[in-house]
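Below is one structure, written out as structure tokens; comments come after it.
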Amino acid sequence: MGLPADIAPNTMCDIAGGGVPATLRNTDPVPIYLQGAYDNIKPTGTYTHYALMGIDTDIRTDFQPDTIYVPGYNGGKGTLFTIVHVQRLGRGTPADRLIVYLNRSTVIWPSTDI
């Protein structure tokens, strides 16, 4: 199904299941719309980015939350984000989608991924 028609993806990601070692859940890259949320960075945590995803995306925030790699895993070289929270928006409308709140991990510089 993917993203609603009014949202154009701006990157791709690979989703890794929680646990150690994490294993990639998807076989094809997942199209997402990724946006920084730098206004929301506070000493208490919260999130650094959010991603919009199609409702058919298998992403989890249970006991061992998933992680995503942007623009893809690429042998562990993609930028790692941990899942903070997943919420469904626009249920039953043409704009039905998931918003996934993320925290970016430390980036090894130089990086052209994010």
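Numbers at a glance
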item	result
Charge dipole (debye, nearest 20) of the stretch 11-104; +1 at Cβ of Lys and Arg, -1 at Cβ of Asp and Glu	200
FRET efficiency, residue 46 to residue 5 (Cβ-Cβ, R0 41 Å, nearest 0.05)	0.85
Backbone N within the stretch 1-15 under 18 Å of label point (7 Å from residue 61 Cα along the Cβ vector)	15
Shape of the chain, Cα gyration tensor, a/c cut at 1.5	rounded
Mean separation of Cα contacts under 8 Å (6+ apart) over length of the chain, as relative contact order %	27
With at most 14 other Cβ atoms within 10 Å, longest stretch of the chain clear of loop trypsin sites (Lys or Arg not before Pro) (DSSP)	1-59
Computed Rg/Rh of the stretch 52-92, alpha carbon atoms with Kirkwood Rh	1.02
Sparse-neighbour loop sites [chymotrypsin sites (Phe, Trp or Tyr not before Pro); the stretch 45-114; at most 16 other C-beta within 10 Å; DSSP]	63
For the stretch 11-104, with +1 on Lys and Arg beta carbons and -1 on Asp and Glu, the positive-most of 100, 47, 59 along the dipole	47
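The numbers here are math on the coordinates, done by the rules we state, and not lab data. Treat the numbers as computed from the prediction; the structure is a model and nothing was measured. A quick note on method: Cβ atoms are made from the backbone with ideal geometry, for glycine too, and the neighbour counts reach across all protein chains shown.
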